[in-house]
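Below is one structure, written out as structure tokens; comments come after it.
The values are calculated or read from the model by the stated rules, or taken from the named source; none is laboratory data. Source: prediction; values computed, not measured. Reconstructed Cβ throughout: ideal geometry from the backbone, glycine too, with neighbour counts over all protein chains shown. Side chains are part of the model used for accessible areas, which takes the heavy atoms of the whole protein and leaves out ligands, DNA and RNA. Shrake-Rupley method; radii C 1.70, N 1.55, O 1.52, S 1.80 Å.
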Amino acid sequence: MNGFRIGAGERERIYASTTDTYDEAADLDLIAIEYALNGEPVVLTTDERVYAARLLDARGLDAGAIAHRIGTAASTVRGWKANGWKRGGASKVAPPRSEPKCGEQRMYRRHLRRGESCDVCRAANSAADRRYRLTGSTKASA
Ligand SMILES: [Zn+2]
């Protein structure tokens, strides 16, 4: 039950284009987009999704309703919109973590995995162990 239909009651069909069926320049299948606009199951490319999302947004649908219709996440739709209806934009993906340095717990665990021995990390780890036994936390007190 998705319950939401544009122009509920009047069954108005939305057209991506009234003249073209294919946008050569942008490589968009306007027929496929039209299916998506009207809530019919269809597989779209990302560019077609962005195109459909822009049209639905222009009709006043919110990101959640648009996302449901084109089969993506609301956050993705908001990202496209924030990006001027281009793919990419605001990303949920966290930037890659920095490389661990010696003395950090992550580096100690990496040494262990690789069978390496490192005095700096071993000392840092046993200091953290001592802190943990004394204070219940591995974090150095401020
Ligand atoms: Zn180390």
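Here are some notes:
- Test: residue in the stretch 97-108 that is away from the ligand (no atom under 13 Å from the Cβ) and charged (D, E, K, R): yes
- Some residue of the stretch 134-141 being modelled with pLDDT of 85 or more, farther than 30 Å from ASP62 by Cα and not assigned by TED's automatic domain parsing to the domain that holds GLY64: yes
- SER75 meets each of the listed conditions (1) open to solvent by 80 Å² or more (accessible area, probe 1.4 Å); (2) within 17 Å of the chain's Cα centre (by Cα) apart from (1).
- THR138, sole failed condition from (1) more than 16 Å from the ligand (Cβ to nearest atom); (2) open to solvent by 50 Å² or more (accessible area, probe 1.4 Å); (3) assigned to a helix (DSSP H, G or I): (3)
Yes/no per residue for (1) touching an Asp or Glu at 6+ places or on another chain (Cβ under 9 Å); (2) more than 30 Å from ALA58 (Cβ to Cβ); (3) at pLDDT 95 or above:
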| site | (1), (2), (3) |
| --- | --- |
| VAL77 | yes, no, no |
| LYS86 | no, no, no |
| LYS92 | no, no, no |
| ARG97 | no, yes, no |
| VAL120 | no, yes, yes |
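- Of the residues making up the stretch 104-113, at least one is in a loop (DSSP other than H, G, I, E, B), of a type outside the set (Phe, Trp, Tyr) and either modelled with pLDDT of 90 or more or buried (at least 17 other Cβ atoms within 10 Å of the Cβ) (or both).
- Any hit, the stretch 115-130, residues being in a helix (DSSP H, G or I) and touching a residue at least 24 places away in the same chain (Cβ under 8 Å): no
- Complete set of residues in the stretch 59-72 that are open to solvent by 40 Å² or more (accessible area, probe 1.4 Å) and part of a loop (DSSP other than H, G, I, E, B): ARG59, GLY60, ASP62, GLY71, THR72
- Hey, TYR51 at pLDDT 90 or above and more than 18 Å from ALA32 (Cα to Cα) or not: no
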